[in-house]
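Input: a single structure, listed below in C-alpha cells.
Rule-based calculations on the coordinates, nothing more; no lab input. Keep in mind that this is a model prediction, so the values were computed, not measured. Neighbour counts run over all protein chains shown; Cβ positions are idealised from the backbone, glycine included.
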Amino acid sequence: MSMAIERTFLDDAIVKYEVAKYLGREIAKAGFSRVEIQKTPVITRITVYVLNPGRVIGKGGKTIDMITESIKTRFRLSNPQISIIEVGNKMLEPLLVARDIAQKLERGLNFRKILQSTLRSVMENGALGAEIIIGGKLVPKNARSKSIRKSVGYIPKAGDVTNLVREGVATALPKYGAIGIKVRIVPPGTKFPDREIKEIELPKLILHS
C-alpha cells in the first residue's frame, strides 16, 4: 500500500471521528448513536443514526440544513449529503447503551448488577456478542480506581474482523469521581469469514440478573 493511500485512509478515519464527536454534541438530545461516511469524488454521503429523526431534521428541514452547512465548513467536506436514519433497536447501539449505563451509575445503582442486566438485554435483542468495560472509582467510599471487563458471546480482538464490531464510549459523573464506559457489540446477522456463530447460551449469572 502506497503512502498516499495510507494517508487517505488515516485522514478519512480522523474526519469520521471528528464528525461523530461534533454530532454527538450537537444532536445528543435526538439520541445520536453513530455515523457512517462514504466519500466519492462528487459528494460525501453521511448517514446519521438517531432515536428521534424529527429533532435533527427540524421544521421545514431547517435544522438539518444548518448542520449540513456547519459540517461542510468545519471539516471541509465536498458537497455533504446527510441522511437521517431512525435507530431500530437502541439495545444494539453501543453509544446509547453506554449512555444508559452512565445514567444508572450516576443514580448510584450497583455497577455489577448494571453490567449483568445490560449484557443480558443486549444479547436477548439478538446480538452475537457484547462486551462492557468500566473504569474508575466504582464505589463511593474507601475504594481505589479499578477497571472491570464483562463479556458474553463472540467479540473478536484482532484483525480486520474487529471492524465488524460496533463500539461506543461514554462517561458517568457520579459525585465520587468519573467512570469511563466502553461498550462493544456484534450486531445480529454479522458474518465472519473465519467462523460461524451458533446459538449463544448465556451464563446463569447473567441470565438470572
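A few remarks follow.
- For region 79-130 and region 25-47, distance of Cα centres in Å: 19 Å
- Segment residue 69-residue 107, length gained on full extension (0.36 nm per residue, minus Cα span): 9.9 nm
- Checking every one of the GluC sites (Glu not before Pro) in region 161-207 against DSSP loop status and a limit of 15 other Cβ atoms within 10 Å picks out 196, 199, 201.
- Proxy reagent accessibility, fewest Cβ within 10 Å first, across 12, 100: 12, 100
- Calculated [222 nm] ellipticity per residue, helices only, for the chain: -11000 deg cm²/dmol; basis is -39500 (n - 2.57) per DSSP H run with n ≥ 4, divided by all residues, nearest 500.
- Shown here for region 8-90: trypsin sites (Lys or Arg not before Pro) in loop regions (DSSP other than H, G, I, E, B) with at most 11 other Cβ atoms within 10 Å, namely 76.
- Taking trypsin sites (Lys or Arg not before Pro) across region 127-205, the ones in a DSSP loop with at most 13 further Cβ atoms lying within 10 angstrom of their Cβ are 141, 144, 157, 175, 191, 198.
- The calculated FRET efficiency for the pair residue 176 and residue 21, based on their C-beta separation and a Förster distance of 25 Å, comes to about 0.40.
- Debye intensity ratio I(q)/I(0), log10, region 3-86, q values 0.24 Å⁻¹ (C-alpha model): -1.23
- Net length available on complete extension from residue 198 to residue 59 is 45.5 nm, with 0.36 nm assigned per residue and the Cα-Cα distance removed.
- Label of the coordinate-derived value, Cα extents along the principal axes in Å, listed as (1) 53, 43, 33; (2) 38, 36, 27; (3) 55, 31, 28: (1)
- Between 0 and 90 degrees, the angle of helix 3-26 with respect to the longest Cα principal axis of the chain falls at about 70 degrees.
- 0 to 90° range, to nearest 10: angle between helix 111-124 axis and the chain longest Cα axis: 60 degrees
- Label point of residue 139 set 7 angstrom out along Cα-Cβ; within region 89-128, amide nitrogens under 12 Å from it belong to 110-112.
- Evaluating 6.51 cos²θ - 1.76 cosθ + 1.60 at θ = phi - 60° for every residue in region 162-168, the Karplus couplings come out as 5, 5, 7, 9, 7, 9, x Hz, glycine and proline recorded as x.
- Note on residue 85 and residue 148: with the Förster distance fixed at 25 Å, the Cβ-Cβ geometry gives a FRET efficiency of about 0.15.
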